[in-house]
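Report on the structure given below.
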Amino acid sequence: MDELKPLLECLIFVSPTPLTPKRVQEVLGEGFTPKAVEAALQALKADYDSPDRGLYLQEVAEGLQFRTKPRYSEWIKLMKKAAPTRLSKAALETLAIIAYKQPVVKGDITLLRGVEVDGILRTLLEKNLIRILGRKEIPGRPLLYGTTKRFLELFELKDLSALPSLEEIKSLSEDPDETEAENE
């Protein structure tokens with residue numbers, strides 16, 4: 001464990017995408033048991049949960065990735081001067097449809113939104129938030145769309161099961177005053 005924890009820290013740090021347990025085992029080979037790796041990862045997570053650290057370990061896209069603590073975001077923005085990923089309301093609606101209905105064809109997205117989505121799909125593909133999964137076995141063989149690991153990373157989701165349910169979404173949009181009035 002003495003050598004495993006700093007080794008895992010290095011692997012997570014240099015990995016360009018969230019480091020999955022499968023990838024860790026591929027890199028480490030037979031040298032460490034999955035149980036030892038899991039114990040070292042939990043110890044590492046506990047180390048980074050400390051309030052005096054600027055980073056924390058986040059489970060995203062079925063792996064682990066270092067993230068900066070939100071309270072330091074202003075200074076990071078000043079240093080990077082990079083524009084955050086911005087999406088229009090239409091792009092977010094389209095992305096939500098794809099996330100919840102995947103694999104989904106453009107025709108179904110258009111039917112749900114009520115407008116053409118060609119430009120939006122192109123934008124989401126360029127931003128690597130969606131990908132083409134293949135073709136549906138129906139006449140015309142339309143493309144099937146699904147989300148990417150980048151989507152999971154951007155929205156800080158461990159996997160698609162972490163998406164909020166319809167009930168959770170409805171409870172966020174309810175007016176608390178109306179809910180109290182209905183309960184009286």
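What are the residues in the range 136-156 that are farther than 30 Å from Glu59 by Cα, among the charged types (D, E, K, R) and either outside the structural domain of Ile98 (by TED's automatic domain parsing) or touching a strand residue (DSSP E or B) at 6+ places or on another chain (Cβ under 6 Å) (or both), if any? Within the range 136-156, Lys136, Arg141 qualify.
The number of residues in the range 25-38 that are in a helix (DSSP H, G or I) and more than 24 Å from the chain's Cα centre (by Cα) comes to 7. Taking the range 140-162 as the range and being of a type outside the set (S, T, N, Q), out of contact with any Pro (no Cβ under 6 Å at 6 or more places or on another chain) and closer than 15 Å to Leu129 by Cβ as the test, the residues that pass are Tyr145, Lys149, Arg150, Phe151, Leu152, Glu153, Leu154, Phe155, Glu156, Leu157, Leu160.
Counting the residues of the range 69-84 that are modelled with pLDDT of 75 or more, farther than 21 Å from Tyr48 by Cβ and of a type in the set (A, V, I, L, M, F, W, C) gives 1. Checked against the criterion of being of a type in the set (Phe, Trp, Tyr) and closer than 23 Å to Ile130 by Cα, the range 100-114 contains one or more residues that satisfy it. Determine whether the range 24-40 contains at least one residue that is in contact (Cβ under 8 Å) with a residue 60 or more places away in the chain and on the phi < 0 side of the Ramachandran plot. Looking for residues that are in contact (Cβ under 8 Å) with a residue 60 or more places away in the chain and on the phi < 0 side of the Ramachandran plot, one finds none in the range 24-40, hence no.
Is it the case that Leu166 is at pLDDT 95 or above, more than 17 Å from Val60 (Cβ to Cβ) and outside the structural domain of Leu64 (by TED's automatic domain parsing)? Taking the combined requirement at face value, the residue does not satisfy it.
The values are calculated or read from the model by the stated rules, or taken from the named source; none is laboratory data. Only a predicted model underlies this, so the values are computations on that prediction, with no experimental measurement involved. FYI the Cβ positions are ideal-geometry reconstructions off the backbone, even for glycines, and counts take in every protein chain you see.
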